[in-house]
Amino acid sequence: MRRTELSSRLDHLQQAGLIRRRRRIGGPQGPHLSVDGARFLAFCSNDYLGLANHPALADAARRALDEFGVGAGASAHICGHMAVHEALEQRLAQFVGLPRALHFSTGYMANLGVLPALAGAGDVVFSDRLNHASLIDAARLSRADVVVYPHCDVEALDRLMQQSAQRSKLVVTDAVFSMDGDLAPLPRLLALCQRHDAWLVVDDAHGFGVLGESGAGSLAHWGLSSERIVYMGTLGKAAGVFGAFVAADAEVIEWILQSARTYMFTTASPPMLAAALLAALEVIQFDSQRRKRLSSLVERVRLELAGLPWRLLPSTTAIQPLIVGENSQALSLMESLRSDGIWVPAIRPPTVPAGTARLRISLSAAHCDQDVDRLAASLRRLALQSNAAGGPA
């Protein structure tokens, strides 16, 4: 691509309201952030349980730093797989109730490794229309045929699977959809996979640690167990650290370990992060008050934001999307909130469909009732100003 074309494309993004700007954060993650030198009440993090700055996790990382050093030094297949990584994989498998787990550097790398390991040319991947970009890219990378089904439409998926003549089938889905906050109908999807002899690959990036008994995730929430399920959970959201894992039948995990290129050809994660994650799992499992607190905040924000001119999607999770519409309107509303010292990110295409630009309000157990009340008061005031001006805020 020529430089002039790059400039033209950047100008187009600017005019369409699609340019992304990074913000400089000072200090640790929390409900109040220092952003570019100013203090903000923040509803933008995926730190759903408030563990990113938990002292138990920091202490575990410091102890591991003394024992293992900073870097892993090599890929897991060479000499980067340390005792603490092994302990983490065993603990993760036990925590989610599956036979074996494999630790990946990121959720994106986990998905890019798993789908091409399980599907290839001559196979078919059925993908929910609102799946995360990592699942979309992984399906393309697999070289299998890709069939996109309407969002959470089990009947449509059933018809598509009946029409398929491919030798091997995979259904891939987010468990909690990251921009809408709704739950995939996993029991019905599993029933379809059993009927059509297919794998069910579940990306539980936004459910792990939050849903289910003891925070074990979406499988626990729905009470599901099957050898057909390949489960991916990320460890940088509710778990508060970094990384991801895949859990499944032991033989499935062995095959992924042997064939997933994003596992084989990358340096293993720093051991101190694995130690911090072991501490995080203890907090997740035994500090149930954090999940209860988060649930009460979800109820509160939905009550407080009822009646606004912008549509709040029907989510029961920590992700509360407020649909604004056009990109410029969403950006304007975000900047108006920033003027009030509140940071809620505007999410625009291609992350969400055109015409559904939104504020993605994400809640954390570290928020208090007064934080939610302050957000609601600002939005109500901006709505009144919008009505008085005869247009969007």
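Values computed for the structure shown
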quantity: Dmax and Rg, reported as Rg then Dmax, of the range 10-164 (C-alpha, Å); calculated: 21.0, 57
quantity: Gain upon complete extension [Q385, D36; 0.36 nm per residue less C-alpha separation]; calculated: 122.9 nm
quantity: Residue order, fewest to most surrounding Cβ atoms within 10 angstrom, among T267, T234, T106, T317; calculated: T267, T106, T317, T234
quantity: DSSP bridge pairs, the chain: antiparallel proportion in percent, nearest 5; calculated: 55 percent
quantity: Amide hydrogen neighbours beyond the local backbone of W343, cut-off 5 Å, H modeled; calculated: L41, A42, F43
quantity: Using distinct alpha-carbon pairs, which all enter the 1/r mean, Kirkwood radius of the range 290-357 in Å; calculated: 13.0 Å
quantity: Semi-axis lengths, Å, the range 234-393, gyration tensor of Cα atoms, sqrt of 5 times eigenvalues; calculated: 38, 20, 13
quantity: Förster-model FRET efficiency, 25 Å R0, D59 and Q285, C-beta, rounded to 0.05; calculated: 0.90
quantity: The range 135-207, Cα convex hull volume normalised per residue, Å³; calculated: 88 Å³
quantity: Point-to-point label distance, D137-E67, nm (Cα→Cβ direction, 7 Å offset); calculated: 3.3 nm
quantity: In degrees, nearest ten, helix 3-15 long axis to first principal axis of the chain (Cα); calculated: 60 degrees
quantity: Extension gain, S259 back to D153 (0.36 nm per residue minus Cα-Cα distance, nm); calculated: 35.0 nm
quantity: Amide hydrogen neighbours beyond the local backbone of L49, cut-off 5 Å, H modeled; calculated: A365
quantity: 10 Å Cβ shell holding at most 16 others, DSSP loop, GluC sites (Glu not before Pro): longest site-free stretch of the chain; calculated: 1-226
quantity: Two-site FRET efficiency, D145 against C368, from Cβ-Cβ distance with R₀ of 45 Å, rounded to 0.05; calculated: 0.35
quantity: S214 versus S226: modelled label distance in nm, points set 7 Å from Cα along the beta carbon direction; calculated: 2.4 nm
quantity: Mean separation of Cα contacts under 8 Å (6+ apart) over length of the chain, as relative contact order %; calculated: 22 percent
quantity: Kirkwood-based shape ratio for the chain, expressed as Rg/Rh from alpha carbons; calculated: 0.97
quantity: Globularity index of the range 69-286, i.e. its alpha-carbon radius of gyration over 2.2 N^0.38 Å; calculated: 0.97
quantity: The range 100-140 - convex hull of the alpha-carbon atoms, volume per residue in Å³; calculated: 81 Å³
quantity: Cα long-axis angle, helix 154-163 against the chain (0 to 90 degrees, to the nearest 10); calculated: 40 degrees
quantity: Length added when fully stretched, S75-R3, from 0.36 nm per residue minus Cα-Cα; calculated: 22.3 nm
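No lab work stands behind these numbers, since they all come straight from the coordinates. This is a predicted model, so every value here is computed, not measured. Heads up, the Cβs are rebuilt from the backbone with ideal geometry, glycines too, and the neighbour counts pull from every protein chain shown.
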